[in-house]
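Step one of this worksheet: look at the structure below.
The values are calculated or read from the model by the stated rules, or taken from the named source; none is laboratory data. As the structure is a prediction and not an experimental result, all values here were calculated from the model. No Cβ is skipped: glycine too gets one built from the backbone with ideal geometry, and neighbour counts run over all protein chains shown. The area values use the complete protein model at the heavy-atom level, side chains included, leaving out ligands, DNA and RNA. Shrake-Rupley method; radii C 1.70, N 1.55, O 1.52, S 1.80 Å.
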Amino acid sequence: MQEIRPFEPWFFILFGLFHLHRIWGLLDRESYAAFWLGVLTERGAFYWTLMAALGGLCLWALVLFFRRFRERRWWRWAYLLGGGYVLFDLFAIAAELPFWHRLLAAMFDTAAWYWNGLWGAFAALGAACLLLGIFLLRRRRRV
């Protein structure tokens, strides 16, 4: 049985906790959209701190994926897929790519029929990642 590295469960726990904030969007669309659109527009200290933290977490995930590539764990693909997506997202936001700006505007359209499905899916992703991280942490402690 291949070893679960000590830091691996924490990737999923941190990634999951971050995504669980989307529950706020399900409870209060207007303030959620206003907050995040404000963060993206103002680009203050919180924005840059968040970008650095998420970017660091995703770079860490990509390193983990390639360092452990020979160890065939299905959940390690989340490092590549999730980390790669979020890094592209951060780049597109920072570079102010026009098509990504239009996508974000659509995502934060509080009158959109798809709002609950979109933000509910992100919250479910967060819950799944958090649970996987806890599962891996508990499994690691048993070994």
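Structural remarks
- Condition met for A61 (under 27 Å from I4 (Cβ atoms) and buried (at least 16 other Cβ atoms within 10 Å of the Cβ)): yes
- Search result, residues across segment 16-33 that are touching a Leu at 6+ places or on another chain (Cβ under 7 Å), of a type in the set (A, V, I, L, M, F, W, C) and open to solvent by less than 50 Å² (accessible area, probe 1.4 Å): L20
- Number of the exception - R76 against (1) of a type in the set (K, R); (2) over 22 Å from A124 (Cα atoms); (3) in a helix (DSSP H, G or I): (2)
- Restricting W74, W36, W10 to those that are open to solvent by 20 Å² or more (accessible area, probe 1.4 Å) and free of Cβ contacts under 8 Å to residues at least 40 places away in the same chain reduces the list to W74.
- The residue pairs whose first member lies in segment 44-70 and is touching a residue at least 60 places away in the same chain (Cβ under 8 Å), whose second member is surrounded by 12 or more Cβ atoms within 10 Å (Cβ to Cβ), and whose beta carbons are closer than 7 Å, counting only pairs six or more residues apart or on different chains, are R68/R76.
- Test: F69 is open to solvent by 30 Å² or more (accessible area, probe 1.4 Å), in a loop (DSSP other than H, G, I, E, B) and not acidic (D, E): yes
- Among the residues of segment 39-58, the ones that are among the charged types (D, E, K, R) and either in contact with a His (Cβ under 6 Å, 6 or more places away or on another chain) or open to solvent by less than 70 Å² (accessible area, probe 1.4 Å) (or both) come to 1 in all.
- When residues in segment 40-85 are screened for being under 26 Å from A105 (Cα atoms) and aliphatic (A, V, I, L, M), 9 of them pass.
- Qualifying residue in segment 77-96 (condition: charged (D, E, K, R) and within 19 Å of the chain's Cα centre (by Cα)): yes
- Members of segment 77-105 that are open to solvent by less than 30 Å² (accessible area, probe 1.4 Å), closer than 16 Å to L14 by Cβ and not small (G, A, S): Y79, V86, L90
- Count of segment 85-139 residues which are without any contact (Cβ under 8 Å) to a residue 40 or more places away in the chain, in a helix (DSSP H, G or I) and not aromatic (F, W, Y): 17
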